[in-house]
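Here's the structure, in structure tokens; my notes come after.
The values are calculated or read from the model by the stated rules, or taken from the named source; none is laboratory data. The model shown is predicted, which means the values in this text are computed figures rather than measured ones. Here the Cβ positions follow ideal geometry from the backbone for every residue, glycine too, while neighbour counts run over all protein chains shown. For accessibility, only protein heavy atoms count, side chains too; no ligands or nucleic acids. Shrake-Rupley method; radii C 1.70, N 1.55, O 1.52, S 1.80 Å.
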Amino acid sequence: MDLEKLLSDRLAPAFAAVAGGPVDPLVRRSPRADFQSDAALALARRLGRPPRDIAAAVLAHAVLDDVGVSAEVSGPGFLNLTVTDRALADLVAGLAGDPRLGVPPTATPQTVVVDYSAPNVAKEMHVGHLRSTVIGDAAVRLLEWLGHRVVRVNHLGDWGTPFGMLIEHLIDLGEAEAAQNLSMGDLDTFYRAARVAFDADEAFQERSRLRVVALQGGDERTRRLWRLLVTQSERYFLTVYDLLDVTLSAADFRGESAYNDLLAGVVDDLDRLGLLLPSGGAECVFPPGFTGRDGEPLPLIVRKSDGGYGYPATDLAALRQRVGELGATRLLYVVGLPQRQHFAMVFAVAEAAGWLCPPARAEHLGFGSILGADGRMLRSRAGESVKLVGLLEEAVARATDLARSRNPDLDAGTAEEIGRAVGIGAIKYADLSVDRTKDYVLDWERMLALDGNTAPYLQYAYARIRSVLRRAGTAVRPDAPIVVAQPAERALAVELLGFAAVVGELEQSLEFHQLAGYLHRLATVFNAFYERCPVLRATDELRESRLLLAELTARTLRQGLRLLGIRTVERM
């Protein structure tokens, strides 16, 4: 049961009667009552009445008694809403028998395409790929759980002029040796060696340019060698995804090359629609509202002066295919904030061309950067981008060492399991617990701490509850009467009922730090409950009630962390 929604639904008609039209009651949690509505303050200027008078009038119209809610006007015009103990107990009891913890599946399923991760073939994944992969994976987990049809798209960089250079280097090495090097995951060494050869040898440069022509022309041998590069790179990417514990699979790879045959049609259609204009030898679209630093209209270049196609053409072709062939009504692009203007222009052109129109909509889920302790972009000691595999392995190693230091009796397999769950969870949570549009500092000590707003804190809270339930020695009764006599019991009951509201808002906002904040509050409230309300030492009905509250908390923590892509463990 979404208690915020219930209260909003009850107050909305009362506000409408007073205001003469629809009003959002703005029901929120409050430290002064269970919930609070401050909509009367927002209405004061519009209605020309004191907010306290408006709140009192709303209260006179509201029907709340039948759901066990009392209300009073407070302060300058707040409506404080308090749920009775009995109503709280009944609502929480309803969660016990609900496998979805009060969160209904969506009533309007959509086809959602999520474009995320997007590494480049023949290059190793680095820390810059972490946020796209983690945020995108959380989005698909959430939307799938809510009942949407989700299509994952891993938009690989597998096409373009660098591949002439890479294929020529592959030929020089020999296919067998190149395949062995690539299979070991040392993609960066292969790429750098190709670049060195290209920069130093004019003959190699010419061969590379001719190889690009052969690749784009469909030459059989060139395509086979290109496919070798792609296949070996994809195998490496899958090992990273397995370590990171994300849901991307081989079936989700869709490289830029997949749209190559569609690019000419995109340009032709833009020309037919009268949207294509020449500029400096290139063919461009000038979407309204976009200007450069000089104030001149800003072009989106769809075909370059040399006749080649750039990223905008590929993105337009992909968007049109996703809406037209896949039937997508929501398109999510999980790409860093520096690409904000690019996607805004692509979406504007797609709308002007009629390829993106209601009910379909596109959203750029931009994100900030990961910083080092010095507040600058995270780099290795050599000044290079930090390899993602190295970062993940360090997280697992640190977490495994911590697990062993806390529990020296752990066997190797259990320590490894805990280390992986906690280490990878810490990496993901550090990312998802902050506003995705903000930068954040990679701080190992903070990320792996067992206190504060961290994944280990939540995982430990879950493991602690599971330990309590094991020590109880009996199965928890899902039909046990709930008792909320103590303030700590009441606080936990109200927090448990808040899960549905948080997930409901998250479906649209995809601001995962809101879910992380909720889970941290829930764990903190449970810890206070556990300290103040004996569970195993309680007797009879009270013991059964508190065990059920504990189990509901564990289920909610597990489900919430699962939506974030973070594993729970039974012990830590």
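Points worth noting:
- Of the residues making up the range 224-238, those that are over 12 Å from Ser249 (Cα atoms) and among the aliphatic types (A, V, I, L, M) are Leu225, Leu228, Leu229, Val230.
- Residues that are open to solvent by 10 Å² or more (accessible area, probe 1.4 Å) and closer than 28 Å to Leu244 by Cβ do occur in the range 536-555.
- Considered as a group, the residues in the range 318-365 that are surrounded by fewer than 18 Cβ atoms within 10 Å (Cβ to Cβ) and part of a loop (DSSP other than H, G, I, E, B) include one that is nearest to the chain's Cα centre (by Cα), and that residue is Gly336.
- Per-region count, the range 1-39, residues farther than 30 Å from Leu101 by Cβ and either modelled with pLDDT of 95 or more or surrounded by fewer than 20 Cβ atoms within 10 Å (Cβ to Cβ) (or both): 5
For (1) under 26 Å from Ser117 (Cβ atoms); (2) touching a Ser or Thr at 6+ places or on another chain (Cβ under 8 Å); (3) of a type in the set (A, V, I, L, M); (4) in contact (Cβ under 8 Å) with a residue 60 or more places away in the chain, each residue gets a yes or a no:
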| site | (1), (2), (3), (4) |
| --- | --- |
| Leu402 | no, no, yes, no |
| Arg406 | no, no, no, yes |
| Leu410 | no, no, yes, no |
| Leu432 | yes, no, yes, yes |
| Trp444 | yes, no, no, no |
| Met447 | yes, yes, yes, no |
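- Of all residues in the range 556-572 being touching a Leu at 6+ places or on another chain (Cβ under 9 Å) and either farther than 19 Å from Asp137 by Cα or β-branched (Val, Ile, Thr) (or both), the one that is surrounded by the most Cβ atoms within 10 Å (Cβ to Cβ): Ile566
- The listed residue being part of a loop (DSSP other than H, G, I, E, B) and out of contact with any Gly (no Cβ under 6 Å at 6 or more places or on another chain), out of Asp98, Asp90, Asp66: Asp98
- Selected residue (only one of Leu519, Leu547, Leu563 is in contact with a Gly (Cβ under 9 Å, 6 or more places away or on another chain) and touching a residue at least 40 places away in the same chain (Cβ under 8 Å)): Leu519
- Flag set for Glu511, criterion: surrounded by fewer than 19 Cβ atoms within 10 Å (Cβ to Cβ), touching a residue at least 12 places away in the same chain (Cβ under 8 Å) and under 25 Å from the mean Cα position of the chain (by Cα).
- Test result for Val502, among the aliphatic types (A, V, I, L, M), part of a helix (DSSP H, G or I), closer than 27 Å to Ala87 by Cβ and open to solvent by 10 Å² or more (accessible area, probe 1.4 Å): yes
- Gln216 part of a helix (DSSP H, G or I), open to solvent by 40 Å² or more (accessible area, probe 1.4 Å) and free of Cβ contacts under 8 Å to residues at least 12 places away in the same chain: no
- If you filter the range 451-472 down to residues that are in contact with a Phe, Trp or Tyr (Cβ under 7 Å, 6 or more places away or on another chain) and without any contact (Cβ under 8 Å) to a residue 40 or more places away in the chain, you find that the one that is nearest to Val569 (Cα to Cα) is Thr454.
- Pairing each residue of the range 129-146 that is part of a helix (DSSP H, G or I) with any residue that is basic (Lys, Arg) and open to solvent by less than 10 Å² (accessible area, probe 1.4 Å), provided the two are 6+ apart or on different chains, yields C-beta distances under 6 Å for Val134/Lys428.
- Only residues that are part of a helix (DSSP H, G or I), closer than 30 Å to Gly425 by Cβ and open to solvent by less than 20 Å² (accessible area, probe 1.4 Å) were counted across the range 154-191, and they come to 1.
- The set of residues from the range 441-486 being of a type outside the set (A, V, I, L, M), surrounded by 17 or more Cβ atoms within 10 Å (Cβ to Cβ) and within 19 Å of Gly517 (Cα to Cα) comprises Asn453, Thr454, Pro456, Tyr457, Gln459, Tyr460, Tyr462.
- Val151 being hydrophobic (A, V, I, L, M, F, W, C) and open to solvent by 10 Å² or more (accessible area, probe 1.4 Å): yes
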